[in-house]
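The values are calculated or read from the model by the stated rules, or taken from the named source; none is laboratory data. Model, not experiment: these values are computed from the prediction. FYI the Cβ positions are ideal-geometry reconstructions off the backbone, even for glycines, and counts take in every protein chain you see. To get the accessible areas, we keep the full protein, side chains included, count just its heavy atoms, and leave off ligands, DNA and RNA. Shrake-Rupley method; radii C 1.70, N 1.55, O 1.52, S 1.80 Å.
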Amino acid sequence: MQQIFNFILKNSNRLLFLLLLGISLVLTIQSHSYHRSKAVTSANFISGGVYEKIHNVQEYLNLKTQNEQLAKENAILKKMLFNAKDSSGIVVRDSLKGYGNINIVQAKVIKNSYNVKENYLTLDAGTKAGIKPDMGVVNSLGIIGIVEHTSKNYATVISILNVKSEINARIKKSNHFGTLRWDGKSTGYVQLIDVPRLASVRKGDTIVTGNESVTFPPNINIGVIDKIYTDKETNYFTLNIRLFNDMTNLGHVYVLENYERKEIEELEAKTEEKNE
């Protein structure tokens, strides 16, 4: 307390000057409309700048929540799209359950390998969220891979950048199918093999998931044809596909469950047994 009194006594002249200056400014502003309007404008400018900075900080801190909300909304829209036979008849719904034959679980990639021959991803959702082995994984740009193992809260995914991965795919403009594989080289390209020579293929044609897959709904984007080769041994086309996805940079993904998969597989197994 004594130090405060000493400071006031030591700087009494300066403090008195500042007090009188403040009083004079207040009186001037109150008695003149021009000065009053300038003061209000300046105050608004300063406070507006401060509020804008605070708002920007709040928006930055809320990015995680907003991204999760957008991912959930995208999951709902994707489920409606995958299940819609006629897009004009789509009804807006607020849940991912009880609608159509394809269910979608939202997840996020927490680990991603892409620099070895057999690459895998780890998701932050597992059986608790409804994820099971053999479910397909996609994002807004196209396919990512297929779930291999699950625990209560996590799941591992065989990336399409895995030499063991095999996925049914087709040329979008026709019904010619092939098998999507990876040759273990570039992270930006996969290969579509066993495409019949009768197929009309051109560089730039889009490749999508095929109708024969029980893992992925048809017509999910994969990439575009970059190069065309002819396999001399089989006389089939091998297409080099440039992926739409940057497989080295993955975030939110959607895990797809086909409710009819079990029924289809059981029927096909009975047919195979009968033909043996």
- Query: Taking the range 127-145, which residues are more than 18 Å from residue 167 (Cα to Cα) and either at pLDDT below 90 or open to solvent by less than 10 Å² (accessible area, probe 1.4 Å) (or both)?
  - Reply: 131, 140
- Only unsatisfied item for residue 181, checking (1) surrounded by 17 or more Cβ atoms within 10 Å (Cβ to Cβ); (2) free of Cβ contacts under 8 Å to residues at least 24 places away in the same chain; (3) more than 23 Å from residue 158 (Cα to Cα), is (3)
- Scope the range 101-126; condition crowded, with 18+ Cβ neighbours inside 10 Å and closer than 24 Å to residue 260 by Cβ; matching residues: 102, 103, 104, 105, 106, 107, 123, 125, 126
- Message: Just to verify a result, which residue in the range 189-226, among those that are more than 26 Å from residue 253 (Cα to Cα) and in contact with a Ser or Thr (Cβ under 9 Å, 6 or more places away or on another chain), is most open to solvent (accessible area, probe 1.4 Å)?
- Response: 197
